[in-house]
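One structure is given below, encoded as structure tokens.
Computed from the coordinates by the stated procedures, all read-outs in this text should not be read as laboratory data. Computed from a predicted model, the values in this text were never measured in an experiment. Neighbour counts run over all protein chains shown; Cβ positions are idealised from the backbone, glycine included.
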Amino acid sequence: MLQDVCVYGISPERMQANQELAKFFKILTTSVDEYNKVYVSTVQAYNYHVTAFQWHPEKNAFEWGPKAIPHTEDAIRVTQQVVNFL
């Protein structure tokens, strides 16, 4: 059944259980899917200039359709910080 698995990505526990992933990537953020399952949403490589996002950092500033997307000052700052980082 779908509710028993993470829909959008890999769970932090599963990622940490994979030795190769755990030693390559540091978990920066997690998110929750519609079944209340936690998944890894941002990772950064320990020894390389690699950062991966399982979310859309631009949505807060530029997408105004869905009501679930926050447009608070803090949300817009997150978008700007990601752009500045990249």
Percent of all alpha-carbon pairs of the stretch 32-74 at distances over 12 Å, whole number, is 71 percent
Here, trypsin sites (Lys or Arg not before Pro) of the stretch 22-86 satisfying both criteria (DSSP loop; at most 16 other Cβ within 10 Å) are Lys67
Under the Karplus relation with 6.51, -1.76 and 1.60 and θ = phi - 60°, whole-Hz ³J(HN,Hα) for the stretch 40-47, x at Gly and Pro, equal 6, 10, 8, 10, 9, 5, 5, 10
In this structure, the FRET efficiency calculated for Val50 and Thr72 from their beta-carbon separation, with R0 = 25 Å, to the nearest 0.05, is 0.30
Karplus ³J(HN,Hα) for the stretch 70-78 (6.51 cos²θ - 1.76 cosθ + 1.60, θ = phi - 60°; Hz, whole; x = Gly/Pro) runs x, 10, 5, 4, 5, 5, 5, 5, 4
CD proxy, 222 nm, the chain: helix-only mean residue ellipticity via -39,500 (n - 2.57) per DSSP H run with n ≥ 4, per residue, nearest 500, stands at -8500 deg cm²/dmol
Amide H proximity to Ile10 below 5 Å, modelled H, separation 5+ or other chain, gives Val40
Sorted largest first, the C-alpha extents of the chain along its principal axes in whole angstrom are 38, 37, 14
Footprinting proxy, Val40, Val78, Val32: sorted fewest to most Cβ within 10 Å, the residues are Val32, Val78, Val40
